[in-house]
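Accompanying notes for the structure given below.
Bear in mind that the values in this text are calculations on the coordinates, not laboratory data. Nothing here was measured: the structure is a model prediction, and the numbers come from that model. Every residue, glycine as well, gets a Cβ built from its backbone with ideal geometry; the counts of neighbours run over all protein chains shown.
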Amino acid sequence: MFTSLQSWAKKLKKQVVVLYLAYKDSRTPWYAKAFAMCVVAYAFSPIDLIPDFIPLLGYLDDLVLIPIGVALALKMLPAAVLRDCTQQAEERLKGGKPKNWVAGILIILVWLLVFLWVCVRILKYDI
């Protein structure tokens, strides 16, 4: 069972890299680029929208949201782009997964805004 989960994770990682490459390809339609960009930014982000330390919900994005987003984005790609990017992804994966620090910073900002909003609400009612 562990081996099948490990191969599933490697396949998902490869598919995210395929989307990353497809986003940069000029043959990819704009709507597919936009969706792929969102999926890739979230998948490569070093910070999750739902932190992993939150019981049960913490791994929801890794186990559900990213695979669904990847599957939908791959269906939007033209066959030729998908084929070419899959070949390129296999070569690139030898170097490791890139990080998207811009998406990470955006997620940190979202959490800070939520934290500030909660603090303001609490202070508003305490005064």
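A compact table of results
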| quantity | calculated |
| --- | --- |
| Cα Rg over Rh - segment 2-126, Kirkwood | 1.07 |
| In order through segment 69-81: 3J(HN,Hα) via Karplus (6.51 cos²θ - 1.76 cosθ + 1.60), integer Hz, x for Gly, Pro | x, 5, 4, 5, 5, 5, 5, 7, 7, x, 4, 5, 5 |
| Positive-end extreme of charge dipole, the chain - chosen from ILE68, PHE115, TYR23 (charges on Cβ) | TYR23 |
| Assigned charges on the beta-carbon of Lys, Arg, Asp, Glu; the chain dipole about Cα centre (debye) | 360 debye |
| Virtual spin-label span in nm between LEU60 and ILE108, 7 Å along Cα→Cβ | 2.5 nm |
| Pairwise label distance in nanometres, CYS119 with ALA71, each label 7 Å out on the Cα-Cβ vector | 4.1 nm |
